[in-house]
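Single-structure report; data block below.
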Amino acid sequence: MKIAVCGTYSSGKTTTSLALSYLTGIEMTHARTMREILPALFPGKKLEQCMPEEVVELIFHRMIDRVENEVKCGQKFISDGASIQEWAYCKPRILYGMNPAETQIQDPKILYGLKTFGETIDAYGKMAKEYAKKHYDVFIHLPVEFPLAEFLLKLQALQWLRKVLPGMDQASLPPGALLSEFPTASP
């Protein structure tokens, strides 16, 4: 049985994959992250500094890494992540830019590059989805269970409290006490 566990960052892919592997005895596999591949391909660069064509190179290296690791496992594995991870990672960057934290992009050359990048990512997405259909017997998608903006607001509030209240240790509080106490961000 070939099982893929897919979802966004911090959705619980690794935890779920490890638990499934432990409970079933099926070997877990994964691909190196883009940040792990990055130093060999583009020394000294951060992922946020990569140009679209560099991100494409990273996603292809990650896909090759994933396929090689899955093939080594034969017909039984649990994949922490799936072939469509990179497509899901890159698709929003077509709409919001390579680094969504930056301001809106105005430069026509960059916008044209993003259009080409978008077409390349769409083509990659077709191939990755086809691979997933053909090569995984079970596909588990873990949805994000919290609004990201709300989570970040609570995390910032927690970090602020730690500065204001020296010596405060979250471990001395009931689990989730601080995170459940803060107001949520309004949309």
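Here are a few things to note about the model shown:
- Out of G167, G113, one residue alone is at pLDDT below 90 and at positive phi. It is G167.
- Screening I37, I3 for residues that are among the hydrophobic types (A, V, I, L, M, F, W, C), surrounded by 18 or more Cβ atoms within 10 Å (Cβ to Cβ) and more than 25 Å from K133 (Cα to Cα) leaves exactly one candidate, I37.
- Residue within the stretch 76-96 that is at pLDDT 85 or above, exposed (fewer than 15 other Cβ atoms within 10 Å of the Cβ) and either closer than 30 Å to T15 by Cβ or not assigned by TED's automatic domain parsing to the domain that holds A19 (or both) present: yes
- Some residue of the stretch 26-45 being acidic (D, E), part of a loop (DSSP other than H, G, I, E, B) and without any contact (Cβ under 8 Å) to a residue 60 or more places away in the chain: yes
- Any chance L18 is surrounded by fewer than 16 Cβ atoms within 10 Å (Cβ to Cβ) and at pLDDT 90 or above: yes
The values are calculated or read from the model by the stated rules, or taken from the named source; none is laboratory data. In this text the structure is predicted, and so the values were computed from the model without any measurement. FYI the Cβ positions are ideal-geometry reconstructions off the backbone, even for glycines, and counts take in every protein chain you see.
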